[in-house]
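The values are calculated or read from the model by the stated rules, or taken from the named source; none is laboratory data. In this text, all values refer to a predicted model and were calculated from it rather than measured experimentally. Every residue, glycine as well, gets a Cβ built from its backbone with ideal geometry; the counts of neighbours run over all protein chains shown.
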Amino acid sequence: MTATEYREIYSELGTDPDLRDLIEMFVQEMPFRTAVYEELFTAGNFEELRRAVHQLKGAAGSYGFPVITEAAATVELAIRNEAPYEEVRQNLDRLIQLCHAARVCPEQ
């Protein structure tokens, strides 16, 4: 599955003028976050990766991205349950793809 298979994902809160700037900052941080996840995975530091995706799980929900919350929870659970390497890799790939697809809201 490639990143191009995911269309843009819009925040459920993106049209709220009081939250728009905060959501924009959250979305802009995604490349940094995903780079950290890749580094932690490559280094085999699964406990730190679990902590990092746990933080994303909570933040994504707060900013209106429940699909990212669910994907982060899947990665966290896979690591916690010591799932096979390939399973963690696949779940992490999906999470990263969703993170890259995150947007505040459709252009109006």
Failed criterion for residue 67 (all others in (1) aliphatic (A, V, I, L, M); (2) closer than 15 Å to residue 37 by Cβ; (3) within 9 Å of the chain's Cα centre (by Cα) hold): (2)
Pairs, first under 14 Å from residue 34 (Cβ atoms) in the range 44-57, second part of a helix (DSSP H, G or I) and of a type in the set (Lys, Arg), C-beta under 7 Å, six or more apart: 56/33
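For (1) hydrophobic (A, V, I, L, M, F, W, C); (2) in contact with a strand residue (DSSP E or B) (Cβ under 7 Å, 6 or more places away or on another chain), each residue gets a yes or a no:
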position: 31; (1), (2): no, no
position: 49; (1), (2): yes, no
position: 58; (1), (2): no, no
position: 65; (1), (2): yes, yes
position: 70; (1), (2): no, no
position: 86; (1), (2): no, no
position: 100; (1), (2): no, no
Near pairs, Cβ below 6 angstrom, 6+ apart or cross-chain, from the range 61-79 (at positive phi) to any residue that is surrounded by fewer than 22 Cβ atoms within 10 Å (Cβ to Cβ) and not in a helix (DSSP H, G or I): 64/12; 64/13
Residue list for the range 39-98, filter: surrounded by 15 or more Cβ atoms within 10 Å (Cβ to Cβ), farther than 16 Å from residue 10 by Cα and polar (S, T, N, Q): 74, 90, 91
Residue among 73, 59 that alone is closer than 21 Å to residue 16 by Cα, of a type in the set (A, V, I, L, M, F, W, C) and at pLDDT 95 or above: 59
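Residue check: is residue 37 modelled with pLDDT of 95 or more and among the aromatic types (Phe, Trp, Tyr)? Can you show your working first?
Details: modelled with pLDDT of 95 or more: yes; among the aromatic types (Phe, Trp, Tyr): yes.
Judged against the criteria, residue 37 is a match.
Got a number for residues in the range 25-35 being within 13 Å of residue 92 (Cβ to Cβ) and surrounded by fewer than 13 Cβ atoms within 10 Å (Cβ to Cβ)? Before the answer, list the steps.
Taking the range 25-35 as the starting set, the residues that turn out to be within 13 Å of residue 92 (Cβ to Cβ) are 33-35.
After this cut, where a residue has to be surrounded by fewer than 13 Cβ atoms within 10 Å (Cβ to Cβ) as well, the list is 35.
Of the residues in that region, 1 qualify.
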Single residue of the range 1-21 satisfying the filter (buried (at least 17 other Cβ atoms within 10 Å of the Cβ) and small (Gly, Ala, Ser)) that is modelled with the highest pLDDT: 11
